[in-house]
Amino acid sequence: PLFYYLEAAESITDHVNLYLFDSQGNVLSQFNGDNLAFTQRAVDHRKSLFKIELKPRERKQAFIEIKNDGEKNSFPLKLISQETLLKTTYVDQFLMGTFYGILLIIAITYFFFYFATSERSLLYYSFFVVFIALCQLSLDGFFHQYVATGNSWINLHAVIIFAIISSYFFGRYSEIILDVKNSSKILQHSFQVLYALLGAVLIGIIFIPAFLTYSYPIANILILIGMTLVVISLSYLYFQKKPIDLYYTAGISILFISLTIVILINFGWIN
(Lines give C-alpha, C1' and ligand atoms only; values in the text may rest on other atoms or scores of the structure.)
Protein backbone atom coordinates (compact mmCIF):
# COMPACT_ATOMS: atom_id res chain seq x y z
CA PRO A 1 0.00 0.00 0.00
CA LEU A 2 1.05 3.58 -0.73
CA PHE A 3 0.25 6.77 1.14
CA TYR A 4 1.07 10.22 -0.19
CA TYR A 5 0.03 13.81 0.31
CA LEU A 6 -0.91 15.77 -2.81
CA GLU A 7 -0.25 19.51 -2.87
CA ALA A 8 -2.62 20.83 -5.52
CA ALA A 9 -2.80 24.64 -5.18
CA GLU A 10 -1.41 27.70 -3.42
CA SER A 11 -2.21 28.21 0.26
CA ILE A 12 -4.52 31.18 -0.41
CA THR A 13 -6.75 29.48 -3.00
CA ASP A 14 -10.42 29.82 -2.05
CA HIS A 15 -11.75 26.42 -3.19
CA VAL A 16 -9.61 23.34 -3.89
CA ASN A 17 -11.60 20.11 -4.14
CA LEU A 18 -10.26 16.66 -4.98
CA TYR A 19 -12.43 13.82 -6.33
CA LEU A 20 -10.88 10.34 -6.42
CA PHE A 21 -12.60 7.62 -8.48
CA ASP A 22 -11.69 3.96 -8.05
CA SER A 23 -12.18 1.18 -10.64
CA GLN A 24 -15.72 0.45 -9.32
CA GLY A 25 -16.81 4.06 -9.83
CA ASN A 26 -16.85 4.96 -6.16
CA VAL A 27 -15.83 8.53 -5.42
CA LEU A 28 -13.97 9.91 -2.43
CA SER A 29 -14.30 13.71 -2.06
CA GLN A 30 -11.86 15.90 -0.14
CA PHE A 31 -12.22 19.65 0.31
CA ASN A 32 -9.73 22.41 0.96
CA GLY A 33 -9.26 26.15 0.62
CA ASP A 34 -9.69 29.47 2.39
CA ASN A 35 -13.47 29.35 2.09
CA LEU A 36 -13.54 26.54 4.65
CA ALA A 37 -12.89 26.79 8.35
CA PHE A 38 -9.35 25.56 8.97
CA THR A 39 -10.59 22.53 10.92
CA GLN A 40 -12.69 21.44 7.90
CA ARG A 41 -9.75 21.23 5.52
CA ALA A 42 -8.77 17.79 4.23
CA VAL A 43 -5.45 18.04 6.08
CA ASP A 44 -4.74 20.39 9.01
CA HIS A 45 -1.88 22.16 7.27
CA ARG A 46 -1.29 25.66 5.94
CA LYS A 47 -0.76 24.22 2.45
CA SER A 48 -3.58 22.82 0.30
CA LEU A 49 -2.92 19.11 0.89
CA PHE A 50 -4.94 15.96 0.20
CA LYS A 51 -4.51 12.33 1.24
CA ILE A 52 -3.81 9.80 -1.51
CA GLU A 53 -4.07 6.14 -0.48
CA LEU A 54 -3.57 3.22 -2.88
CA LYS A 55 -3.78 -0.48 -2.19
CA PRO A 56 -1.47 -2.87 -4.08
CA ARG A 57 -2.28 -2.85 -7.83
CA GLU A 58 -5.06 -0.32 -7.26
CA ARG A 59 -5.64 2.51 -9.75
CA LYS A 60 -7.55 5.72 -9.10
CA GLN A 61 -8.49 8.63 -11.30
CA ALA A 62 -8.36 12.12 -9.83
CA PHE A 63 -10.22 15.32 -10.70
CA ILE A 64 -9.34 18.65 -9.13
CA GLU A 65 -11.73 21.61 -8.92
CA ILE A 66 -10.21 25.03 -8.24
CA LYS A 67 -12.01 28.36 -7.80
CA ASN A 68 -10.49 31.69 -6.83
CA ASP A 69 -11.64 35.28 -6.35
CA GLY A 70 -9.21 37.14 -8.59
CA GLU A 71 -5.85 35.90 -7.33
CA LYS A 72 -3.59 34.03 -9.70
CA ASN A 73 -4.29 30.28 -9.80
CA SER A 74 -1.32 27.98 -9.48
CA PHE A 75 -1.17 24.18 -9.67
CA PRO A 76 1.93 22.75 -7.97
CA LEU A 77 0.69 19.09 -8.14
CA LYS A 78 3.34 17.62 -5.88
CA LEU A 79 3.15 14.10 -4.45
CA ILE A 80 4.81 14.19 -1.03
CA SER A 81 5.63 11.28 1.26
CA GLN A 82 4.91 11.52 4.98
CA GLU A 83 8.60 11.64 5.81
CA THR A 84 9.29 14.38 3.28
CA LEU A 85 6.34 16.46 4.50
CA LEU A 86 7.60 16.21 8.08
CA LYS A 87 11.11 17.33 7.09
CA THR A 88 9.95 20.22 4.91
CA THR A 89 7.55 21.38 7.63
CA TYR A 90 10.40 21.57 10.15
CA VAL A 91 12.59 23.49 7.67
CA ASP A 92 9.74 25.86 6.79
CA GLN A 93 9.01 26.54 10.45
CA PHE A 94 12.65 27.41 11.11
CA LEU A 95 13.13 29.64 8.05
CA MET A 96 9.78 31.40 8.28
CA GLY A 97 10.05 31.76 12.04
CA THR A 98 13.39 33.52 11.51
CA PHE A 99 11.92 35.69 8.74
CA TYR A 100 8.85 36.80 10.70
CA GLY A 101 10.92 37.22 13.86
CA ILE A 102 13.23 39.67 12.07
CA LEU A 103 10.22 41.62 10.76
CA LEU A 104 8.75 41.78 14.27
CA ILE A 105 12.03 43.07 15.74
CA ILE A 106 12.29 45.72 13.00
CA ALA A 107 8.69 46.89 13.55
CA ILE A 108 9.10 47.15 17.34
CA THR A 109 12.51 48.87 17.07
CA TYR A 110 11.30 51.53 14.65
CA PHE A 111 8.15 52.03 16.74
CA PHE A 112 10.24 52.85 19.83
CA PHE A 113 12.55 55.05 17.74
CA TYR A 114 9.46 57.03 16.72
CA PHE A 115 8.53 57.71 20.36
CA ALA A 116 12.13 58.74 21.08
CA THR A 117 12.48 61.10 18.09
CA SER A 118 8.88 61.89 16.98
CA GLU A 119 10.08 61.36 13.41
CA ARG A 120 7.01 60.34 11.40
CA SER A 121 9.00 58.39 8.80
CA LEU A 122 9.94 55.86 11.51
CA LEU A 123 6.28 55.35 12.41
CA TYR A 124 5.29 54.90 8.76
CA TYR A 125 8.08 52.39 8.24
CA SER A 126 7.06 50.44 11.36
CA PHE A 127 3.45 50.21 10.11
CA PHE A 128 4.69 49.21 6.64
CA VAL A 129 6.67 46.31 8.10
CA VAL A 130 3.69 45.18 10.23
CA PHE A 131 1.24 45.12 7.32
CA ILE A 132 3.66 43.61 4.80
CA ALA A 133 4.30 40.85 7.37
CA LEU A 134 0.53 40.29 7.71
CA CYS A 135 0.24 40.16 3.92
CA GLN A 136 2.98 37.53 3.72
CA LEU A 137 1.38 35.61 6.61
CA SER A 138 -1.78 35.44 4.53
CA LEU A 139 0.08 34.35 1.40
CA ASP A 140 1.87 31.60 3.32
CA GLY A 141 -1.36 30.31 4.87
CA PHE A 142 -0.39 31.10 8.47
CA PHE A 143 -3.05 33.81 8.84
CA HIS A 144 -5.78 31.23 8.16
CA GLN A 145 -4.11 28.63 10.33
CA TYR A 146 -3.50 30.75 13.43
CA VAL A 147 -5.44 34.05 13.24
CA ALA A 148 -8.65 33.90 11.19
CA THR A 149 -9.27 30.17 11.42
CA GLY A 150 -12.93 30.26 10.43
CA ASN A 151 -14.65 31.03 7.15
CA SER A 152 -14.42 34.77 7.81
CA TRP A 153 -14.58 37.82 5.57
CA ILE A 154 -11.20 39.11 6.74
CA ASN A 155 -9.51 35.81 5.93
CA LEU A 156 -10.81 35.83 2.35
CA HIS A 157 -9.71 39.45 1.80
CA ALA A 158 -6.58 39.58 3.97
CA VAL A 159 -3.96 39.49 1.19
CA ILE A 160 -5.35 42.36 -0.88
CA ILE A 161 -6.28 44.52 2.14
CA PHE A 162 -2.88 44.19 3.84
CA ALA A 163 -1.10 44.77 0.50
CA ILE A 164 -2.98 48.05 -0.06
CA ILE A 165 -2.40 49.32 3.49
CA SER A 166 1.30 48.41 3.45
CA SER A 167 1.70 50.16 0.08
CA TYR A 168 0.17 53.34 1.52
CA PHE A 169 2.54 53.41 4.50
CA PHE A 170 5.57 52.66 2.31
CA GLY A 171 4.60 55.55 0.04
CA ARG A 172 4.29 57.94 2.99
CA TYR A 173 7.64 56.76 4.36
CA SER A 174 9.33 57.25 0.99
CA GLU A 175 7.80 60.71 0.59
CA ILE A 176 9.49 61.87 3.80
CA ILE A 177 12.81 60.14 3.18
CA LEU A 178 13.00 61.57 -0.36
CA ASP A 179 11.68 65.00 0.72
CA VAL A 180 9.16 64.90 -2.12
CA LYS A 181 7.16 67.81 -0.66
CA ASN A 182 10.05 70.24 -1.12
CA SER A 183 11.50 68.64 -4.24
CA SER A 184 8.64 68.47 -6.73
CA LYS A 185 5.00 69.51 -6.42
CA ILE A 186 4.13 67.30 -9.40
CA LEU A 187 5.51 64.21 -7.67
CA GLN A 188 3.79 65.19 -4.42
CA HIS A 189 0.42 65.48 -6.17
CA SER A 190 1.07 62.18 -7.97
CA PHE A 191 1.53 60.44 -4.62
CA GLN A 192 -1.70 62.01 -3.33
CA VAL A 193 -3.60 60.75 -6.39
CA LEU A 194 -2.12 57.28 -5.86
CA TYR A 195 -3.28 57.22 -2.22
CA ALA A 196 -6.78 58.24 -3.32
CA LEU A 197 -6.89 55.43 -5.87
CA LEU A 198 -5.65 52.88 -3.31
CA GLY A 199 -8.35 54.12 -0.92
CA ALA A 200 -10.98 53.77 -3.66
CA VAL A 201 -9.92 50.16 -4.30
CA LEU A 202 -10.07 49.42 -0.57
CA ILE A 203 -13.58 50.91 -0.33
CA GLY A 204 -14.65 48.88 -3.37
CA ILE A 205 -13.40 45.67 -1.76
CA ILE A 206 -15.29 46.40 1.47
CA PHE A 207 -18.61 47.56 0.04
CA ILE A 208 -18.82 46.01 -3.46
CA PRO A 209 -18.30 42.20 -3.35
CA ALA A 210 -18.22 41.86 -7.15
CA PHE A 211 -15.33 44.32 -7.31
CA LEU A 212 -12.97 41.81 -5.68
CA THR A 213 -12.35 40.07 -9.02
CA TYR A 214 -10.96 43.29 -10.50
CA SER A 215 -9.23 44.54 -7.36
CA TYR A 216 -6.18 42.25 -7.66
CA PRO A 217 -4.99 43.41 -11.10
CA ILE A 218 -5.86 47.04 -10.28
CA ALA A 219 -3.97 46.88 -6.98
CA ASN A 220 -0.96 45.26 -8.69
CA ILE A 221 -0.87 48.08 -11.25
CA LEU A 222 -1.21 50.79 -8.58
CA ILE A 223 1.55 49.24 -6.45
CA LEU A 224 3.84 49.14 -9.50
CA ILE A 225 2.99 52.78 -10.26
CA GLY A 226 3.80 53.65 -6.65
CA MET A 227 7.20 51.98 -6.86
CA THR A 228 7.82 53.80 -10.15
CA LEU A 229 7.04 57.12 -8.45
CA VAL A 230 9.55 56.28 -5.71
CA VAL A 231 12.22 55.48 -8.31
CA ILE A 232 11.44 58.69 -10.23
CA SER A 233 11.67 60.72 -7.01
CA LEU A 234 14.99 59.08 -6.20
CA SER A 235 16.31 59.75 -9.71
CA TYR A 236 15.16 63.37 -9.49
CA LEU A 237 17.19 63.91 -6.32
CA TYR A 238 20.24 62.39 -7.97
CA PHE A 239 19.69 64.68 -10.95
CA GLN A 240 19.54 67.66 -8.56
CA LYS A 241 22.76 66.35 -6.94
CA LYS A 242 21.18 66.20 -3.50
CA PRO A 243 22.55 63.75 -0.89
CA ILE A 244 20.85 60.34 -0.87
CA ASP A 245 21.59 57.38 1.37
CA LEU A 246 23.25 54.66 -0.71
CA TYR A 247 21.71 51.87 1.39
CA TYR A 248 18.24 53.28 0.75
CA THR A 249 19.00 53.48 -2.97
CA ALA A 250 20.21 49.87 -3.08
CA GLY A 251 17.19 48.66 -1.09
CA ILE A 252 14.72 50.51 -3.32
CA SER A 253 16.39 49.15 -6.46
CA ILE A 254 16.18 45.55 -5.25
CA LEU A 255 12.58 46.03 -4.08
CA PHE A 256 11.55 47.60 -7.40
CA ILE A 257 13.08 44.78 -9.48
CA SER A 258 11.63 42.06 -7.23
CA LEU A 259 8.17 43.62 -7.13
CA THR A 260 8.12 44.09 -10.89
CA ILE A 261 8.98 40.42 -11.44
CA VAL A 262 6.26 39.29 -8.97
CA ILE A 263 3.61 41.45 -10.67
CA LEU A 264 4.60 40.21 -14.14
CA ILE A 265 4.28 36.64 -12.85
CA ASN A 266 0.85 37.45 -11.37
CA PHE A 267 -0.30 38.73 -14.76
CA GLY A 268 1.10 35.61 -16.44
CA TRP A 269 3.50 37.58 -18.62
CA ILE A 270 6.51 35.59 -17.38
CA ASN A 271 6.77 32.17 -15.74
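The values are calculated or read from the model by the stated rules, or taken from the named source; none is laboratory data. Note that this is a predicted model, so its numbers are computed, not measured. Backbone-built Cβ (ideal geometry, glycine too); neighbour counts: all protein chains shown. Accessible surface areas use protein heavy atoms only, side chains included; no ligands, DNA or RNA. Shrake-Rupley method; radii C 1.70, N 1.55, O 1.52, S 1.80 Å.
Here the accessible area is traced with a 1.4 Å probe on the protein chains. For the stretch 52-182, carbon and sulfur cover 63 percent of it. Here the spin labels are modelled as points 7 Å beyond Cα on the Cα-Cβ line, and at E58 and T228 they lie 5.5 nm apart. Could you give the angle, 0 to 90 degrees to the nearest 10, between helix 120-140's Cα long axis and the longest principal axis of the Cα atoms of the chain? Between helix and principal axis, roughly 10 degrees.
For the chain, the longest principal axis of the C-alpha atoms and the axis of helix 153-177 are separated by about 20°.
How high is the FRET efficiency between F3 and I154 when r is their beta carbon distance and R₀ equals 30 Å, given to the nearest 0.05? Step by step, r from the Cβ atoms, then E = 0.30. Computed from the alpha carbon positions, the gyration tensor of the stretch 176-271 leads to an equivalent ellipsoid with semi-axes of 28, 18, 9 Å, biggest first.
Can you pull a Stokes-Einstein diffusion coefficient for the stretch 117-251 at 20 °C (1.002 mPa s), Rh from Kirkwood over Cα pairs, as a whole number of µm²/s? Kindly include the intermediate steps, with their values, before the conclusion.
On the way: Rh = 16.1 Å.
Answer, rounded: 133 µm²/s.
Computed from Cα atoms, the angle from the helix 212-239 axis to the main principal axis of the chain rounds to 30 degrees. Considering the chain, its Cα convex hull presents a mean projected area of 17.1 nm². Here the Gaussian network model covers the chain, with springs between Cα atoms less than 10 Å apart; of G141, G33, G199, G199 fluctuates the most.
For the chain, the solvent-accessible area of protein heavy atoms averages 57 Å² per residue (probe radius 1.4 Å; ligands and nucleic acids excluded). Taking a straight Cα-Cα cut-off under 14 Å and skipping sequence neighbours fewer than 8 places away in the same chain, the aspartates and glutamates within cross-link reach of K242 are D179. Putting +1 on Lys and Arg Cβ atoms and -1 on Asp and Glu Cβ atoms, find which of T39, V16, V27 reaches farthest to the positive end of the dipole of the stretch 7-62. Among T39, V16, V27, the one farthest towards the positive end of the dipole of the stretch 7-62 is V27. Computed from backbone phi, the HN-Hα couplings of the stretch 35-45 come to 7, 9, 4, 4, 6, 8, 5, 4, 9, 6, 8 Hz, rounded to whole numbers (Karplus: 6.51 cos²θ - 1.76 cosθ + 1.60, θ = phi - 60°; Gly and Pro given as x). Considering only H157, H45, H189, the Gaussian network model of the chain with Cα springs below 10 Å gives its largest mean-square fluctuation to H189. Collect residues whose amide H, placed 1.01 Å from N in the peptide plane, falls under 5 Å from the amide H of V43; neighbours closer than 5 in sequence don't count. Residues meeting the criterion, in which the H sits 1.01 Å from N, are L49.
Only loop residues by DSSP count here, and only those with at most 13 other Cβ atoms within 10 Å; note down the trypsin sites (Lys or Arg not before Pro) in the stretch 33-139 that meet that.
Details: sites: R41, R46, K47, K51, R57, R59, K60, K67, K72, K78, K87, R120; in loops: R41, R46, K47, R57, R59, K60, K72.
Answer by residue number: R57, R59.
Under the convention that each Lys and Arg Cβ holds +1 and each Asp and Glu Cβ holds -1, the size of the dipole of the chain around its Cα centre is about 280 debye.
Here r is the Cβ-Cβ distance between K78 and F113 and R0 is 30 Å; the resulting FRET efficiency, rounded to 0.05, is 0.10. Each of F112, I132, Y238 was placed along the dipole of the chain (beta-carbon charges, centred on the mean Cα), and the one lying farthest toward the positive end is Y238.
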